[in-house]
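Here's the structure we're looking at; comments come further down.
Laboratory data are not the source of any read-out in this text; all were calculated from the coordinates shown. Since the structure is predicted, the reported quantities are computational estimates derived from the model, not experimental observations. Cβ atoms come from the backbone with ideal geometry, glycine included; neighbour counts cover every protein chain shown.
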Amino acid sequence: MNNLQKLITSAAAAATFAVMIPVAQATDTAPASFNVTVNLTSGCAVTSAPTDVAFTYTSFQPGAATSTGGAFSVRCTNTLPYTMALDATAGTVIGLNYTLALSAAGGTGAGLTAANYTVNGSMVSGQSGTCGTTAVCTGSQARTLTVTY
């Protein structure tokens, strides 16, 4: 075998071997963009309903009476403004007139943090009341708190 034949045989063997080696495939990537859309319905919740507003009063007492109780909490979507109102700010129970007021008229939502408020009540002095017994008389009247947002 001469040199030329050896060279051709070697080239043929190399070509055969090269065909047997897998060729790496080129991978192209094409980025695809997309949007994430969120639809949020804002809201508020009374997370702790107002506790009962209670008065202790003695007929014809010389000084006004103030209430106890009335604490409540409101939680609203972060930065959402809201207002609060009572269905009535005055009433009469067992012949005694009272007035109610909120510690604030509204606020701005703080997300997961609830805001604390109070329903405050007062009764003017000198009222007689209506009680047909010598025992302590008790009466109540339902009221509604509304949160608007």
Sparsely packed chymotrypsin sites (Phe, Trp or Tyr not before Pro) within segment 41-76, loop by DSSP, other Cβ within 10 Å at most 14: PHE60
Projected convex hull area of segment 30-93, Cα atoms, direction-averaged, in nm², equals 7.3
Mind listing P(r) for segment 34-149? All alpha-carbon pairs, 10 Å bins, whole percents. 12, 37, 24, 15, 8, 3, 1, 0
I need the per residue convex hull volume for segment 62-115, using only the alpha carbons, in cubic angstrom as a whole number. 93
